[in-house]
Amino acid sequence: RTTELDSICLKAEVIPVLMIRRVEDAVPLARALVEGGLSVLEITLRTDCALEAIKRIKAALPQASIGAGTVLTPAQYRQAEQVGVDFVVTPGTTEALYRYGVGSAVPMLPGIATVSELMIGWQYGYRRFKFFPAEASGGTKALKAFAGPIAEARFCPTGGIGLHNAEEYLALKNVMCVGGSWLTPQSLVEAEDWEAIRSLAREAATRFHH
Ligand code: 3PG
């Protein structure tokens, strides 16, 4: 699991978090991000068309790694598996999700915000986590503190991250990548300004490469 997640996260230091409201936007939006240099995407299951969007993106952009985000239940995890996602991301994590994730062929990046939550995931064998909501939960200070008791855990922080602070997170030893919605502003998506989104992706890919 850890190896699979590492190989996905090593492809990009920045993972765009997408909320797709119109299914027709899915492929052009994802293509703009991938062409801009960001080939690992998290599609949140916060909209009705999210699963259909994932299916279309997987078919159109087989070279990209596509994760389902905002997975709250094992039932949603299963739906994500059925549309062929490469990984699953959760905002916080229940015991039911951990149990399901351990038995799944699709790796999960479990969301945690505290040391206690981290310890629960650790017990289930998880070593890679999403730290969410990062800025609201102590940001880089919290991540530095996590490295004390659980030094081997690695994180993808999201929540309040943008061009202004991504570098501070990526400088930490226990941060493998960062995620966020700043690469897909709703106004640009509504205007179908894929060129502007490609530029945002390129800017992030150039500034934060490995
Ligand atoms: C997520 O689920 O990761 C967040 O919604 C992304 O947070 P952001 O919108 O603050 O980037």
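None of the figures in this text is laboratory data; all of them are computed from the coordinates on show. It should be emphasised that the depicted structure is a prediction, and the values quoted were computed from it without experimental measurement. Virtual Cβ from ideal backbone geometry, glycine too; neighbours counted across all protein chains shown.
Structural remarks
- Residue within the range 139-156 that is within 16 Å of the ligand (Cβ to nearest atom), polar (S, T, N, Q) and in a helix (DSSP H, G or I) present: yes
- The lone criterion from (1) within 13 Å of the ligand (Cβ to nearest atom); (2) surrounded by fewer than 23 Cβ atoms within 10 Å (Cβ to Cβ) left unmet by Phe129 is number (2).
- Test: Val102 is among the β-branched types (Val, Ile, Thr), closer than 22 Å to Leu188 by Cβ and away from the ligand (no atom under 16 Å from the Cβ): no
- Looking only at the range 177-186, and only at residues there that are part of a loop (DSSP other than H, G, I, E, B) and buried (at least 19 other Cβ atoms within 10 Å of the Cβ), the one that is farthest from the ligand (Cβ to nearest atom): Cys177
- Filter pass, Leu51 being more than 16 Å from the ligand (Cβ to nearest atom), in a helix (DSSP H, G or I) and surrounded by 16 or more Cβ atoms within 10 Å (Cβ to Cβ): yes
- Residues of the range 120-171 that turn out to be on the phi > 0 side of the Ramachandran plot and in contact (Cβ under 8 Å) with a residue 40 or more places away in the chain, as a count: 1
- Given (1) within 15 Å of the ligand (Cβ to nearest atom); (2) part of a loop (DSSP other than H, G, I, E, B); (3) under 17 Å from the mean Cα position of the chain (by Cα), number of the condition Ala201 does not satisfy: (2)
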